[in-house]
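Here's the structure, in structure tokens; my notes come after.
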Amino acid sequence: MDRRHSLELALPGASIGAVAGAMAGGLTLVAGQPIGMVTLSALALAAPLAFFGGLYGVLLGHGVFRPGTFGPIGLYWLAAFPLSRLLQESVAGFGMADGVPLFLAYQAMVSLGFAIGFLWIHERFMPYWLLRIAGGNPLAKELLDQYLRYAQMMQARKGARK
């Protein structure tokens, strides 16, 4: 497989992670931090979230994750989100008053909310992106077929309930 094919699958997740990280990092502006610290904080969170978001898309395309499932993605972000926040705090230097273990435990709790939001947005954008690139990307074509099978299964379940 061509590396380009995997990178194309990474784009939606990386974009979601970058925007989420920039927005969350930008919240330090509300806390009254100077614009330089706000910029540093936003970039320090956007970069790792973009990396992990993109990695999720690649892993999804290679069959590690399946469309429509939350459990494995929740576990993925249970590790990735606290690491991203730890990196942000290490770079931006706002401090972890209660120490690293409690900081990571709190971030692990927050990560499940992030995972829900990330997955919800990703599941809305990814199929449209796959439609666009499936012609020249066999990984995208295969993943699009998985999304279509999942959608048909959900439609059949919905029809059976009526």
Return the total of residues in the range 134-147 being in a helix (DSSP H, G or I), free of Cβ contacts under 8 Å to residues at least 12 places away in the same chain and surrounded by fewer than 14 Cβ atoms within 10 Å (Cβ to Cβ).
-> 1
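Any idea which of Phe103, Phe81, Phe114 is surrounded by 17 or more Cβ atoms within 10 Å (Cβ to Cβ) and more than 14 Å from the chain's Cα centre (by Cα)? If you could, list the steps in order and put the result at the bottom.
Working: Phe81 fails: more than 14 Å from the chain's Cα centre (by Cα); Phe114 fails: more than 14 Å from the chain's Cα centre (by Cα).
Result: Phe103 is the single residue among Phe103, Phe81, Phe114 that is surrounded by 17 or more Cβ atoms within 10 Å (Cβ to Cβ) and more than 14 Å from the chain's Cα centre (by Cα).
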Mind listing whichever residues of the range 118-130 are loosely packed, with under 13 Cβ neighbours inside 10 Å and not hydroxyl-bearing (Ser, Thr, Tyr)?
-> Trp120, Arg124
Picking from Leu131, Leu59, the residue that is touching a Phe, Trp or Tyr at 6+ places or on another chain (Cβ under 6 Å), under 16 Å from Pro12 (Cβ atoms) and not in a loop (DSSP other than H, G, I, E, B) would be Leu59
Of the conditions (1) assigned to a loop (DSSP other than H, G, I, E, B); (2) without any contact (Cβ under 8 Å) to a residue 24 or more places away in the chain, Gly113 clears all except one; give me its number.
-> (1)
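Quick note: the coordinates plus some simple rules give every number you see, no bench work behind them. Because the structure is predicted, anything quoted here is derived from the model rather than measured. Cβ sites come from the backbone with ideal geometry, for glycine too, and all protein chains shown count toward neighbours.
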